[in-house]
Amino acid sequence: MYTEKINFMNFFYNNNFVSRVCKIIVSLIIIFSCLNVQAQNYPVVKAQKGDGIYSLLRRNGLEPTKYIKTFISINKSKLGKNNSLYVGRNYCLPLAGNKAEVVRAEVNKVIPHKAVAKGNSLKTIVYTLFGEKYQTVTIKDHQLKGAIYYLVGGHGGPDPGAMGKLNGHVLCEDEYAYDVVLRMARCLMEHDAKVYLIIQDLYNGIRDEPYLIQDKTETCYPHDRIPLNHLARLKQRVVIVNKLYIKNKGSYQRMLVVHVDSRSKKENIDVFFYRDKRSKTGKKMAETMKNVFHNKYDYYQPNRGYSGTVSSRNLYVLKHSYPTAVYMEIANINHFRDLQRLIIVSNRQALAEWMTEGILTDYKNCHTQK
Ligand SMILES: [Zn+2]
């Protein structure tokens, strides 16, 4: 056995051609295994004060003894002495199985999209996707009772969308779009609407901070991993919206898609709207929403003027989705003044409230005209 091994090794070292081929194969294996690690797209979580690997894993629905080894190996470079965690730093979570089981475990625990009535009054619901601070929603009135909304934050999961920079922070489109979407969802629910968050993130609720940290933990309703491929990603959200649309047939249903644009540094944009060219109801809704913005600007910034527009555009999500849809771009991520709309929390909230006002008016218009 021993001598055989020596001979075998000698054969390798002496044979130039074979050794070269072997080196290539070994390099290829290394390259592929690296690619594999990158392609995994681990969910990312932030370590909190007092966190160790055990508590972090447990909080995210992972059995520590089972996943500690993998956790250490995928986070090696980010660990401190004795594998300690740094507060505020992002860590990758091991994947439990092939699909988003980590996420699923959480879903089972919190049931985020089935709002739970609290106490004996039906006026308060708990919706955990909004995060601890905002999860309790009080239904103020029933103006949107019976209306159904599909809210779609642009991009998400492995795709951050457009990226901008401010004060040393990298700002990602998907995080800001999602925060505005969450705020819109909450406003709509306050009027008793039924809301489906098509893109959702179990790890981020409504965030009252200027700089939203980029992660890849967004999933697609009900809790599917978002693919990296552009078309597959869009198709996934359209397919689920259409499925739900059929299920809810007969109700007033609308889809709202929120994006942040990326243009040249010089170009500041007002919130503007797209709709599918064939959709009259989409046009009407977008016009209604635009008018709300127009009025708000006239009121709050009378000398500024508002130049947002409604136009038709050949966009996959508009073209292929069944419900009437409005697609909005809320800022240019490269423009300093536009960024104020994104990083100032009260501005994100105002955006959501103004959108809601437009949405409410559209619903009323549709019901009084019939
Ligand atoms: Zn986008």
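Values in this text are rule-based calculations from the coordinates and carry no lab data. Keep in mind the model is a prediction, meaning the values are calculated, not measured.
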Built amide H within the under 5 Å cut-off of Tyr322, gap 5+:
Asn242
Which pairs in the list Lys283/Lys364; Lys49/Lys265; Lys247/Lys280 are over 27 Å apart, alpha-carbon to alpha-carbon?
Lys49/Lys265
Could you tell me the relative contact order of region 104-369? Use alpha-carbon pairs under 8 Å, at least six residues apart, and round to a whole percent.
21
Under 14 Å Cα to Cα from Lys123, which aspartates and glutamates show up? Leave out anything in the same chain fewer than 8 places away.
Asp141, Glu190, Asp192
Rounded to 5, percent antiparallel among DSSP beta bridges of region 104-369:
45
